[in-house]
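Notes follow once the structure below has been shown.
The values are calculated or read from the model by the stated rules, or taken from the named source; none is laboratory data. Bear in mind the structure is a predicted one, so any value in this text is a computation, not a measurement. Using ideal geometry, Cβ is built from the backbone for each residue, glycine included, and neighbour counts are taken over all protein chains shown. Please note that ligands, DNA and RNA were not included when accessible areas were found on the heavy atoms of the full protein model with its side chains. Shrake-Rupley method; radii C 1.70, N 1.55, O 1.52, S 1.80 Å.
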Amino acid sequence: MKGKRVATYLACLAVLSVGSAALGSVQEPQQPLNPKSIPKYVDQLPAPGKLFGPAQSITMSEFTQQVLPAGFPATMVWGYNGSYPGPTIEAVRGVPTTVTYYNNLVDPVLQRHMTIDQTLHWADPLGLQCMMSADRDDCFSPYAGPVPTVVHLHGGEVPSRFDGGPQGWFTPNLAQVGATFPGTVYTYPNGQEATTLWYHDHALGTTRTNVYGGLAAFYLLRDPVNEPANLPSGPYEREIAIQDRQFDTAGQLLFPDGSPAGLNGPPTNPEDHPYWNPEFFGDVIVVNGKTWPFLNVEPRRYRLRLLNGSNARFYTLSWSAQKGKAPVFWQIGTDGGLLDTPVKLAALTLAPGERADVIVDFSGMAAGSELILQNSAKAPFPAGTVPDPATLGQIMKVVVALPLSGMDTSLDPSAVTALRPTPIVRLAPTVTASTPVRRLTLNEVMGMGGPMEVLLNNSHFMDPVSEKPRVGSTEVWEIINTTGDTHPIHLHLVQYQLLSRQKYQAGKYLKDYERAFPGGAFIPAAGPPPGGNPDPAPYLVGKPSPPDLNEAGWKDTVRMNPGEVTRIAVRFAPTDTPAGAAGPGYPFDATEGPGYVWHCHILDHEDNDMMRPFQVVP
C-alpha cells in the first residue's frame, strides 16, 4: 500500500506540475510571485484595532485584505474579527478578561492553498487516525474537512482549561471538538506582571497553517501601579508584528507543500509525510499585515512592541540610516515584563514567538530622515542562508516626516537606572544542590530525504507525561540540543529565567547517548535511554555563557543553540512571588484541568511532533 500511495502522490504532482515551473499547493497550482516585483514602502504601517473591557467576543473568519500594495489583487487571509493581524486586546492587571471565541471558517478558500498533512499527529476532526494507519489512500490525500482552531494566549498565566492547549480545538458550529475542549468562553485572570503577550492559533498539528493564514494578534497587559508613568504612549506606542510570507502571481498566499517553490524544497520524506516541510521560509516580509510598510514619526521617542510572528524565520534587527547616525534599541522588557534597567542594543535577535519591548529615540534627526529596519539573520538559524539585502534583508522604513507636537517628556532610557519599583525576583540564588534537575534532549529523527520528525526528549506528544513539576517549586531544566539548528523553546503557564548556555562535545556525547539504548543503538521516538539521558557535565567545553543582558529577565521563549546545553530555572509560581516564599500563589489551581505543554516555537517543528505535555501536581 505504501508503494501505491507514493505512486499516487507522484502522479498527482506530475499532473499538477504541467506548465508550471514551480508549484505551490498540490491542490491548486500556484506560480510564485517574484518578491522583487513588489514595490517597497508605499503603504503606511497599519495600527491594529483595539479591544478594551472585561468581556470580549472574537470570531475567526476568512476575508480579503490588501496585504500587497495597490495594483496587486487583495489576498485571502484568516483573522480575528475580520482583520489580520487581529485586534489588540488591552487588559489591566488584576481585572480578568473573558473572551468568547467563534470559529466561522466555513468552507474556506485558503484551505486549498495550505495543505494539511493528515499523516502527522494532528487534530483529525474526521477521525481517520492516519498517524496509526497511514497506508490508507485517504490519509495520503489533502484534508478537505472543517478547520479546527483553538486560541492560546502566549505567555499568559492562565488555568489549563483556558490555555488553548492543542487538543482543545473546535470546528465551526462545534460540529467536532478535541479531547480537552473546554467550551468557547475563556477567562484570563490577568494576575501577572505587565507585559507584551500575543494570542494565536494552537490547534494540534495545524498551528503552522492556521497562524500562516493570519490567526495571530497582540495582547497588552498593563499595570499602572508598577509601570513607569511616562513611557511613550498613545500614537507613540506601536505594535510591530514581523512575519515572512510567500505569494503567488494572483496575490494569494503560497504555502509550498508539493514541488520546490521559492526558498522551500519539496517534502523531505514524501513517502511518509507527503506535504510536511521541516521549516517554512517566505521571501516577502509582512509587518502588521502589509508588505514592507513605512511609518512616519516625529523626532521623539517611540515605544515599539516587537513580535516575531513567523513560522520558522529568526530576525536580527538593526537600523540603517541614509545619512547621519542610526539609532539604537533600548530594550525595556522581555516576554514576561520589564527589565530592571534599559539595555542598549545595536542589534536585536528575535526567534519565532519572542517579543521585545523597546524604545527608539528619533529625536535630533532632521526632517525627512529615512531609516531602514534591517534583518541579517540566516535561515535556518544560525548557519543557513544569508537574507537577500534587496528583500528579506529589509523589514520596514521609518521616516521622520511629522513635526514635533509638543515637548517630549517621555522616559529617556539612556538616563534611567531603574524601570521597576522592585527588582526582578532572581531564581539563580535559589538554585542549590537539592534543586530538582531535568535533563532533556532536542532530537531530530532523520529519514531518507532529511528530517522525518523533530522531538523533545526523543518522545512523541502522546507518550505518557514525564514532566510533573510540583506547584510552587523551582526546577532546573538542562536542555541538550543534539540537532544542527537553534530551537526557540516555549513553556506554557510559566515565565522562566535563562541561567546559562555552554558548549559541549556533541559528537562524543551522542555516541555515549546512543550506546545507552538497548542494543547499543539509538531508537527513534523511544524516549530517553532506560537510565535517563547522560549527564552532560563531563562533555562540557569552556565556561558557561550567562544570558545576554536583554535576556536577563522573565522569558517564556528562549533560543537553544546547536552544540550547546541550555540551563533554565523554572518556577511554577507567579513571577513576582518573593524568592523562597511559601505557597503556590497562583490566583487559580494550576493542578486542575488537562495540563500544559512545552514545545519548539518553530511551528513546522511543533506540528511534527516537537511538543510534550506537562502536568503541575500538588
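Things worth noting here:
- What the Cα atoms of region 230-286 give is an Rg and a Dmax of 17.2, 58 Å.
- When the P(r) of region 59-141 is calculated, the portion above 22 Å amounts to 50% of the C-alpha pairs.
- Per-residue 3J(HN,Hα) values for region 470-477, derived from phi via the Karplus relation 6.51 cos²θ - 1.76 cosθ + 1.60 with θ = phi - 60°, read 7, 4, x, 7, 10, 10, 10, 9 Hz in sequence order (x marks Gly and Pro).
- Modelled label reach - residue 473, point 7 Å along Cα→Cβ, region 596-611 residues with backbone N closer than 20 Å: 596-599
- Positive minus negative residues near residue 275 (Lys, Arg vs Asp, Glu; Cβ under 9 Å): -2
- Whole-Å distance, taken between Cα centres, linking region 542-575 and region 41-75: 34
- Computed in the context of the full set of protein chains, the accessible area of region 114-238 at 1.4 Å probe radius has 55% of its extent on carbon or sulfur.
- The chain, dipole about Cα centre (Lys/Arg Cβ +1, Asp/Glu Cβ -1), debye to the nearest 20: 1100
- Our coupling estimate for region 490-503, obtained by passing each phi through the Karplus curve with A = 6.51, B = -1.76, C = 1.60 and θ = phi - 60°, is 10, 10, 6, 6, 10, 9, 10, 10, 6, 8, 6, 10, 8, 5 Hz, Gly and Pro reported as x.
- Under 14 Å, Cβ to Cβ, from residue 62 - net charge with Lys/Arg +1 and Asp/Glu -1: -1
- Positive-end residue of 377, 602, 186, charge dipole of the chain with Cβ unit charges: 377
- Amide proton proximity set for residue 300, modelled H, under 5 Å, gap of 5+: 362, 363
- Burial order of peptide ranges 310-323, 508-521 (average beta-carbon count within 10 Å, highest first): 310-323, 508-521
- With a cut-off of 13 Å on the backbone N, the residues of region 338-368 near the modelled label site 7 Å out from residue 376 along Cα-Cβ are 346-349.
- Region 357-460, Cα convex hull volume normalised per residue, Å³: 234
- Of all DSSP-defined beta bridges confined to the chain, some 75% are antiparallel rather than parallel.
- Computed lengthening from residue 445 to residue 430, 0.36 nm per intervening residue step minus Cα-Cα distance: 1.8 nm
- Vicinal HN-Hα couplings computed from phi for region 593-607 (Karplus, 6.51 cos²θ - 1.76 cosθ + 1.60; Hz; Gly/Pro x): x, x, x, 10, 9, 10, 6, 6, 9, 6, 4, 5, 6, 3, 6
- Distance from the C-alpha centroid of region 298-373 to that of region 182-227: 22 Å, rounded to the whole angstrom.
- Proximal lysines to residue 508, defined as alpha-carbon separation beneath 24 angstrom and excluding residues fewer than eight positions away on the same chain: 543
- Each of 108, 561, 524 was placed along the dipole of the chain (beta-carbon charges, centred on the mean Cα), and the one lying farthest toward the positive end is 561.
- Listed by chain and number, the lysines whose alpha-carbon sits under 20 Å from that of residue 344, ignoring those within fewer than 8 places in the same chain, are 325, 555.
- Each part reduced to its alpha carbon centroid, region 486-509 and region 410-434 end up 21 Å apart.
- Paramagnetic reach from residue 37 in region 48-81 [backbone N under 18 Å; point 7 Å along Cα→Cβ]: 67-76
- Aspartates and glutamates with Cα under 16 Å of residue 40, excluding same-chain neighbours fewer than 8 positions away: 244, 283, 370, 388
- Relative to the globular-protein estimate of 2.2 N^0.38 Å, the Cα radius of gyration of region 313-395 stands at 1.18.
- Rounded to the nearest 20, the size of the Cβ-charge dipole of region 303-363 about its Cα centre is 280 debye, with Lys and Arg at +1 and Asp and Glu at -1.
- Computed from point charges on the beta carbon alone (+1 for Lys and Arg, -1 for Asp and Glu), the dipole magnitude for region 226-322 about its Cα centre is near 640 Debye.
- Peptides 406-416, 467-477, 604-614 ordered by packing proxy, namely the average of other Cβ atoms within 10 Å per residue, highest first: 604-614, 467-477, 406-416.
- Relative counts (whole %) of C-alpha pair distances in the chain, using bins that are 20 Å wide: 20, 56, 23, 1
- Each Lys or Arg adds one and each Asp or Glu subtracts one; over the other residues with Cβ under 11 Å from the Cβ of residue 304, this totals +2.
- Compactness index (Cα Rg / 2.2 N^0.38 Å), region 492-606: 1.30
- Carbon-plus-sulfur accessible fraction, region 426-583 (probe radius 1.4 Å, protein heavy atoms only): 56%.
- Under a 5 Å amide H cut-off, with hydrogens placed 1.01 Å from N, residue 611 pairs with 456, 461 among residues at least 5 apart or on other chains.
- The residues of region 148-298 have, on average, 22 Å² of accessible surface per residue, using a 1.4 Å probe with all protein chains present.
- Per residue, region 424-482 exposes 41 Å² of accessible surface when a 1.4 Å probe is rolled over the protein heavy atoms with every protein chain present.
- Compared with the alpha-carbon gap, the fully stretched path from residue 112 to residue 100 is longer by 1.5 nm at 0.36 nm per residue.
- For the chain, the mean residue ellipticity at 222 nm estimated from helices alone is -1500 deg cm²/dmol, where every DSSP H run of n ≥ 4 contributes -39500 (n - 2.57) and the total is divided by all residues, rounded to the nearest 500.
- Residue among 491, 545, 147 farthest towards the positive dipole end of the chain, charges placed on Cβ: 545
- Residue 28-residue 136 FRET efficiency (beta carbon distance; Förster radius 25 Å; 0.05 resolution): 0.60
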